[in-house]
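Below: the structure, in structure tokens.
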Amino acid sequence: MSPAPRGIEVVCEHVSKAFEGGRISALEDVTLEIAAGEFVALTGRSGCGKSTLLNLIGALDLPDGGTISVGGRSLTDVADLAAYRARTVGFVFQFHYLIPTLSALWNVQVPMIGVVPSPRERESRARALIAEVGLADRADDRPGVMSGGERQRVAIARALANHPALLLADEPTGALDSSTGASVLTLLREVREQYGMTILMVTNDDDVAHTADRIVRMRDGMLTSVTPGAAPQSG
């Protein structure tokens with residue numbers, strides 16, 4: 001079993017983001033704090049800015065104004081954002097984005113290339129993670145012969161490959177039926193309990209959102225309400 005990383009605090013202060021030369025405002029003066037080890041659901045209608053905020057926290061894009069700090073360090077002070085994404089953040093998307101020509105085992109190893117020098121360690125870690133998400137017998141299969149839920153489980157194993165302190169999940173159940181989606185949510189909760197990581201999950205589904213510790217609602221690029229949940233659990 002991999003060692004449990006500690007979760008990491010995320011602080012967004014007065015964050016703004018616009019597109020098309022400023023004509024389309026995606027985020028307006030967003031301030032949000034996520035405690036280390038907390039599981040937060042970010043919800044609201046499509047186009048309200050949820051995924052934009054997630055992408056900014058994951059350093060897939062940069063804000064136009066305000067600051068985002070992860071683990072007490074502003075992302076504007078991080079010289080190598082690629083290394084931040086590789087070592088601190090794990091990403092799970094609505095569509096798994098697995099490489100179709102690679103087996104599950106190799107898909108999980110891809111994020112470790114350049115981070116974990118030993119091929120033997122990469123393979124060992126990948127096999128352990130695939131077993132952890134319940135797919136030990138599918139390690140050598142390619143995504144094309146897997147169900148949607150199995151592919152998403154592989155994607156979660158891939159997101160855990162470098163022991164991230166922060167897991168960002170963008171509509172992780174959006175492409176799944178309700179039963180399969182429920183099993184993926186159960187897996188995410190188990191992952192948080194075991195590894196102690198911080199999770200921020202974007203969803204349009206209120207039932208999905210209520211599986212988190214806290215629900216943050218957005219509308220038209222702004223936070224509109226925060227619903228307290230259970231106390232966050234740290235690893």
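Okay, here's what the table says:
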{"quantity": "Only listed residue being surrounded by fewer than 18 Cβ atoms within 10 Å (Cβ to Cβ) and either of a type in the set (D, E, K, R) or assigned to a strand (DSSP E or B) (or both), chosen from Glu150, Glu193", "calculated": "Glu193"}
{"quantity": "Criterion violated by Ala231 - all others in (1) modelled with pLDDT of 85 or more; (2) loosely packed, with under 15 Cβ neighbours inside 10 Å; (3) assigned to a loop (DSSP other than H, G, I, E, B) satisfied", "calculated": "(1)"}
{"quantity": "Residue in region 105-120 that is farther than 29 Å from Met222 by Cα, in contact with a helix residue (DSSP H, G or I) (Cβ under 7 Å, 6 or more places away or on another chain) and among the polar types (S, T, N, Q) present", "calculated": "yes"}
{"quantity": "Qualifying positions in region 92-109 - open to solvent by 30 Å² or more (accessible area, probe 1.4 Å) and over 30 Å from Ser178 (Cβ atoms)", "calculated": "Thr101, Trp106"}
{"quantity": "Restricting region 164-186 to residues that are of a type in the set (A, V, I, L, M) and open to solvent by 10 Å² or more (accessible area, probe 1.4 Å), the residue that is farthest from Pro100 (Cα to Cα)", "calculated": "Ala165"}
{"quantity": "Single residue of region 196-217 satisfying the filter (part of a strand (DSSP E or B) and open to solvent by less than 10 Å² (accessible area, probe 1.4 Å)) that is farthest from Thr186 (Cα to Cα)", "calculated": "Val216"}
{"quantity": "Where a residue in region 92-107 is in contact (Cβ under 8 Å) with a residue 40 or more places away in the chain and farther than 14 Å from Gly148 by Cβ and its partner, wherever it lies, is open to solvent by 60 Å² or more (accessible area, probe 1.4 Å) and β-branched (Val, Ile, Thr), with Cβ under 8 Å and at least six apart", "calculated": "Asn107/Ile99"}
{"quantity": "The listed residue being small (Gly, Ala, Ser), crowded, with 22+ Cβ neighbours inside 10 Å and within 13 Å of Phe93 (Cα to Cα), out of Ala161, Ala157", "calculated": "Ala157"}
{"quantity": "Lone unmet requirement of (1) open to solvent by 60 Å² or more (accessible area, probe 1.4 Å); (2) in contact (Cβ under 8 Å) with a residue 12 or more places away in the chain; (3) of a type outside the set (Phe, Trp, Tyr) for Arg120", "calculated": "(2)"}
{"quantity": "Residue ID - modelled with the lowest pLDDT, chosen from residues in region 22-51 that are in a loop (DSSP other than H, G, I, E, B) and charged (D, E, K, R)", "calculated": "Arg23"}
{"quantity": "Of residues in region 52-91 being assigned to a strand (DSSP E or B) and in contact with an Asp or Glu (Cβ under 7 Å, 6 or more places away or on another chain), the one surrounded by the fewest Cβ atoms within 10 Å (Cβ to Cβ)", "calculated": "Thr67"}
{"quantity": "Whichever residue in region 12-21 is in a strand (DSSP E or B) and either within 16 Å of the chain's Cα centre (by Cα) or small (Gly, Ala, Ser) (or both) and, among such residues, is nearest to Arg87 (Cα to Cα)", "calculated": "Ser16"}
{"quantity": "Residue check for Glu28: touching a residue at least 12 places away in the same chain (Cβ under 8 Å), open to solvent by 70 Å² or more (accessible area, probe 1.4 Å) and within 19 Å of Arg214 (Cβ to Cβ)", "calculated": "no"}
{"quantity": "Top-ranked residue of region 40-51 - restricted to ones that are touching a helix residue (DSSP H, G or I) at 6+ places or on another chain (Cβ under 8 Å) and under 21 Å from Arg192 (Cβ atoms), ranked as surrounded by the fewest Cβ atoms within 10 Å (Cβ to Cβ)", "calculated": "Thr43"}
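The values are calculated or read from the model by the stated rules, or taken from the named source; none is laboratory data. None of these values were measured; they are calculated from a predicted model. Don't worry about glycine lacking a Cβ; one is built from the backbone with ideal geometry, like all the others, and counts go over all protein chains shown. Protein only, heavy atoms only, side chains kept; ligands, DNA and RNA dropped before computing areas. Shrake-Rupley method; radii C 1.70, N 1.55, O 1.52, S 1.80 Å.
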